[in-house]
Structure formats: structure tokens, C-alpha cells
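Scroll down for the structure; my scribbles are underneath it.
The values are calculated or read from the model by the stated rules, or taken from the named source; none is laboratory data. All values derive from a computational prediction rather than experimental measurement. Virtual Cβ from ideal backbone geometry, glycine too; neighbours counted across all protein chains shown.
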């Protein structure tokens, strides 16, 4: 997973391995795409104009992270500071290893 940040370092999106797989199955020449075209083609629903990025604060409890992951059907959350700048990630594997899964 790669975090996409704006010029202020604030989180604006993510690009996952799933996004890459979808892009490669939908486009024969991905190297010729603009970043915007690649982003649109890689979405689960290419017609959806904006995808909400799943992130939590550094103070979010692990059990809440697990709930968000289950609801969103994802396995990784971005951990952001108060200014919405990415600080790291928490993975489902991490939560399970800690005995909360």
C-alpha cells in the first residue's frame, strides 16, 4: 500500500495491491496512463468520483480499528496525526497477533 499525500503532506488517498491488480486487468498499456486515469481505472467502482480513505488517529483503540476493518472489508488502516499526515499503518495481522482478532 502506498499513501498518496498532497503538497502539505496531508493524506488524500491510497493505492493498494488490489488497485494495482485491477488496473493491470483493465488496461493493456498502464504505462501510458496519466496518474488520474490510473487512479480512476484502479477503483472498485471506476464511476465513483471520490473514495473515502480509511484512516484512524494515533489515539484510536485497536478494537475500534478492528471494527472499522470489518465494516469496510479492508485489512489495513492508515494511522494519521491530528493534521491528517500519515504516521504509519495498522494491519489486521497486527491486531490478531495482539490477541484481539
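Is it fair to say residue 3 is within 11 Å of the chain's Cα centre (by Cα), under 29 Å from residue 99 (Cα atoms) and assigned to a loop (DSSP other than H, G, I, E, B)? No; evaluated as a whole, the condition is false for this residue. Restricting segment 27-46 to residues that are surrounded by 14 or more Cβ atoms within 10 Å (Cβ to Cβ), over 16 Å from residue 1 (Cα atoms) and in contact with a helix residue (DSSP H, G or I) (Cβ under 8 Å, 6 or more places away or on another chain) leaves a set whose member that is modelled with the lowest pLDDT is 41. Has segment 52-66 got any residue that is over 25 Å from residue 98 (Cβ atoms) and either outside any loop (DSSP other than H, G, I, E, B) or without any contact (Cβ under 8 Å) to a residue 60 or more places away in the chain (or both)? Yes, the conditions are met somewhere in segment 52-66. When each of 77, 61 is tested for being modelled with pLDDT of 90 or more and touching a helix residue (DSSP H, G or I) at 6+ places or on another chain (Cβ under 7 Å), the lone residue that passes is 77.
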